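Undergrad: The structure's right below; bear with me while I get my questions together.
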Amino acid sequence: MAVGKLSIKKISDSTENIDYINWNILNELIMMELEDSDEDSDMELDITPDGNQPIDTDLSLNGFSRDLLSQLKDQCTETFEKINQLVEGKGNLTEISSLGHFLKGSSSALGLPRIAYYCELIQNIALKKELSKALKADSGNTVASINEEEMSQVLNDELLYQFLSESVGCAYQEFQDTLQKLNVFYKNSL
């Protein structure tokens, strides 16, 4: 069986809809802030979050979530730069995977699934694991239908670093796009 040209599976290739922001998760962080501020005042808090929308609050109460997102912004900027350097220098694949895993966890915890998606690709491609989730074959074959011998014939280090470079580029673009969407909510304070 001919493998065809391999490429990374982009979000646009997915049949599932992946939002930039999982408001269920981010609203939980905002609710924690609001509940803490409510304990400090005599004001009654009656907000029911809608999972598809941010909680409409006074932004002065959102310092905790804004600070966490600001820290993530700094982490992503530094870590994407470090991953890029490692990929360009054909550096340690285990370290690249570890950095991808780190950002995947941080972005998932804050409800940013599109960033997490590409960070998981970085993690898996660098370790050569779960490649059926990370790669697709343009010939119509899924990577899962390609046997190990065929995979080893086409999946050399040069290709791995190419896929990692593409994944980092996509992750960084998702990071920028997600920041724009978050800045609408946080009034450009991130």
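Coordinate-derived values only; no laboratory data. Quick caveat, the model's predicted, so the values are computed rather than measured.
Undergrad: Would you mind checking Lys10/Lys187; Lys5/Lys181; Lys73/Lys133; Lys104/Lys129 for any pair whose Cα atoms are more than 23 angstrom apart? Present the calculation step by step, with values, prior to reporting the outcome.
TA: Numbers: Lys10/Lys187 30 Å; Lys5/Lys181 34 Å; Lys73/Lys133 26 Å; Lys104/Lys129 16 Å.
From the list (Lys10/Lys187; Lys5/Lys181; Lys73/Lys133; Lys104/Lys129), the Cα-Cα distance tops 23 Å for Lys10/Lys187; Lys5/Lys181; Lys73/Lys133.
Undergrad: Oh, and also: ³J(HN,Hα) across segment 100-105 via Karplus (A = 6.51, B = -1.76, C = 1.60, θ = phi - 60°), whole Hz, x for Gly/Pro?
TA: x, 4, 4, 6, 4, x
Undergrad: Moving on to the next point. Under 5 Å between amide H atoms, partner at least 5 residues away or on a different chain: which partners does Leu135 have, H built in plane at 1.01 Å?
TA: Distant-sequence amide H within range of Leu135: Lys9.
Undergrad: Using modelled amide H (1.01 Å from N, peptide plane; none on Pro or chain starts), what sits under 5 Å from the amide H of Leu112, excluding residues fewer than 5 places away?
TA: Asn22
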